[in-house]
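Colleague: One structure, pasted below without further comment.
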Amino acid sequence: MKLRKNRLLKRGSVSLILVGLALLIINLVGFPTSSTQRSRPNDTLTQTSATKPPSTISPTRTQQASVLASPTVTIPKATIASPSPTAAASSEDNTPASLMFDGDTAYQHVLAQVALGPRPTGTEAGWATGDLIIAELEKAGWPVEMQEFVFQGITGRNIIAKQGSGPIIVLGAHYDTRPAADREADPAKREKWIDGANDGASGVAVLLEMARVLEFDKLKNEIWLAFFDAEDRGRLDGWPFSVGARYMAENLKVEPQSVVVVDMIGDADQNIFFEQNSTEVLSDEIWAVAAELGYEAYIIPQPKHTIIDDHLPFIERGIPAVDMIDFDYAYWHTLEDTADKVAPESLERVGRTLEVWLEEKQQ
Ligand SMILES: [Zn+2]
């Protein structure tokens with residue numbers, strides 16, 4: 001309803017819309033292949049990363065310099081232009097009234113997790129984090145399943161809430177935090193455990209707020225909210241990354257239609273680029289929704305990093321999956337990954353993008 005009102009109010013934007021549509025048509029006619037192919041700044045780089053065994057790979061910044069230095073980074077054209085006329089006049093005040101995801105409410109979930117202290121897999125605080133997630137999901141009316149697993153003698157626990165009917169879409173986030181600050185410059189600090197306000201708590205916060213706001217009469221899918229344990233112990237004590245997500249992927253009894261992982265998305269200085277191990281068509285859909293909502297400066301439709309994360313165990317099984325991750329985060333795996341680095345607005349942009357994608361864009 002508010003969408004229509006905004007459109008009427010913005011008569012001046014009609015000419016903008018027409019120009020936008022004309023550009024789109026020119027684009028489609030002139031470059032028929034641009035909608036299906038994204039220019040990759042460095043294919044060799046992607047290949048190299050993707051073929052390494054996940055057990056020895058962590059999210060790495062080594063690609064960043066190469067990607068930045070590459071002159072071939074281009075913005076995919078047709079995928080930015082949305083078929084919806086609202087995209088031409090997009091701005092943050094065009095937010096549809098039906099959007100309910102609230103950044104401040106989500107941020108409270110960040111604070112509640114950080115208040116438990118560092119939360120590595122198998123620790124008391126880690127288990128308490130799982131209990132907190134279960135309590136919040138039940139409060140929001142979601143049936144909850146637990147999936148325990150043992151790795152190197154440590155018990156981990158995935159938590160999966162399921163609701164709705166139709167093809168399954170999984171939203172995933174890891175809730176464990178890294179039992180090391182191994183990106184600290186000072187070696188004396190590297191053995192300390194991090195707060196994981198962004199790397200851990202932010203993704204969980206978005207999923208918990210999604211549990212509160214999703215309107216099931218608008219959904220065409222069964223939604224799973226998957227909280228993965230044991231993502232972030234990789235390269236420590238012989239652990240790989242994504243132990244929990246891999247356990248879930250390998251024990252699926254039904255196949256999801258798609259998986260969207262959110263990780264490190266709460267940075268106050270938000271820059272979420274296309275992650276290059278992700279399924280392109282799915283990234284295009286989600287980033288196009290972000291552009292419609294006026295978030296293009298934060299959820300940026302350009303390729304950048306190539307990350308090994310919780311989406312990969314699903315991609316390896318042929319399930320389309322996307323990693324929404326802001327890897328331009330200076331406090332990654334340091335003691336400075338604290339709640340003051342996370343902004344409610346950043347959580348809200350990701351949450352509202354997914355809210356619209358789920359409620360309005362599914363076939
Ligand atoms: Zn991490």
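The values are calculated or read from the model by the stated rules, or taken from the named source; none is laboratory data. Predicted, not measured: the structure shown is a model, and the values here were computed from it. Heads up, the Cβs are rebuilt from the backbone with ideal geometry, glycines too, and the neighbour counts pull from every protein chain shown.
Colleague: Go through the stretch 274-297 and report how many residues are under 25 Å from residue 175 (Cβ atoms) and either at pLDDT below 95 or surrounded by fewer than 21 Cβ atoms within 10 Å (Cβ to Cβ) (or both).
Modeller: Count: 3.
Colleague: Please determine whether any residue of the stretch 151-161 is within 16 Å of the ligand (Cβ to nearest atom) and not basic (Lys, Arg).
Modeller: yes
Colleague: Would you point out the residue of the stretch 198-241, among those that are aromatic (Phe, Trp, Tyr) and not in a loop (DSSP other than H, G, I, E, B), that is nearest to the ligand (Cβ to nearest atom)?
Modeller: Selected residue: 228.
Residue by residue, here is whether (1) in a strand (DSSP E or B); (2) at positive phi; (3) touching a residue at least 12 places away in the same chain (Cβ under 8 Å); (4) away from the ligand (no atom under 16 Å from the Cβ) holds:
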| position | (1), (2), (3), (4) |
| --- | --- |
| 296 | no, no, yes, yes |
| 302 | yes, no, yes, yes |
| 306 | no, no, yes, no |
| 310 | no, no, yes, no |
| 319 | no, no, yes, yes |
| 324 | yes, no, yes, no |
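Colleague: Does the stretch 241-253 hold any residues that are farther than 16 Å from residue 129 by Cα and surrounded by 20 or more Cβ atoms within 10 Å (Cβ to Cβ), and which are they?
Modeller: 241, 242, 243, 245, 246, 247, 248, 249
Colleague: Checking the condition modelled with pLDDT of 95 or more and small (Gly, Ala, Ser), which residue from 238, 203 passes?
Modeller: Of the residues listed, the single one that is modelled with pLDDT of 95 or more and small (Gly, Ala, Ser) is 203.
Colleague: For the stretch 162-188, enumerate the residues that are touching a Ser or Thr at 6+ places or on another chain (Cβ under 9 Å), within 16 Å of the ligand (Cβ to nearest atom) and over 21 Å from residue 249 (Cβ atoms).
Modeller: If the condition is that a residue be touching a Ser or Thr at 6+ places or on another chain (Cβ under 9 Å), within 16 Å of the ligand (Cβ to nearest atom) and over 21 Å from residue 249 (Cβ atoms), then 177, 179, 181, 182, 183, 184 are the ones that fit.
Colleague: Same structure, new question: Only residues that are within 12 Å of the chain's Cα centre (by Cα) and not hydrophobic (A, V, I, L, M, F, W, C): list them for the stretch 328-347, please.
Modeller: 346
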